[in-house]
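Read the structure below first, then the notes.
Laboratory data are not the source of any read-out in this text; all were calculated from the coordinates shown. Quick caveat: nothing in here was measured; it's all calculated off a predicted structure. Here the Cβ is made from the backbone with ideal geometry for all residues, glycine too, and neighbour counts use every protein chain on show.
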Amino acid sequence: MIKYLSEDRCIQCNLCVKVCPTSVFDKVADHFPTISRQEDCQTCFLCEAYCPVDALYVSPMLDNTNEPLTVTPEESAMLGSYRQAIGWGKGRSSTASLDMTHILRDLVEDDAGPRS
Ligand code: SF4
Ligand code: SF4
């Protein structure tokens, strides 16, 4: 679930507002977006992946909205870590070729026959 937006890093590009499939963020004129509907977050990591300045942290473990929208020092070091892990961003290389989930798909197809 989305946990934090760094006001220090945010350049107010509103990409996170655009890519979020469940409209968690609200655009604010001349301001960074607000996390307005945290409870609607699906932990898809799209906002963190698209943020060009690593200003977002999506926590894979957080599943309730009772925690404040702040980060511990350890979590602060995780800002943009998903984007980094998938190799998005200047000077990084995509890690898509390392993805092994196609093996699961092949196993399912072997079991149930190919998808039409
Ligand atoms: S994508 Fe990142 S920089 Fe752009 S508005 Fe969202 S948090 Fe700020
Ligand atoms: S993780 Fe996905 S659903 Fe959650 S705020 Fe980011 S883009 Fe929206």
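In table form, for the structure just shown:
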item: Acute angle (nearest 10 degrees) that the helix 101-112 long axis makes with the longest principal axis of the chain, alpha-carbon atoms; result: 40
item: Likely footprinting exposure, V28, V53, fewest C-beta neighbours within 10 Å first; result: V28, V53
item: Values of log10 I(q)/I(0), in the order q = 0.14, 0.30 Å⁻¹, for the stretch 38-97 under a Debye, Cα-only, solvent-free model; result: -0.41, -1.36
item: Solitary cysteines of the chain, where the nearest other Cys Cβ is not under 4.7 Å; result: C10, C13, C20, C41, C44, C51
item: Principal axis box of the chain, alpha-carbon based, largest edge first, Å; result: 52, 34, 28
item: Distance from the stretch 27-45 to the stretch 1-26 (C-alpha centre basis), Å; result: 5
item: Lysines with Cα under 22 Å of K27, excluding same-chain neighbours fewer than 8 positions away; result: K3, K18
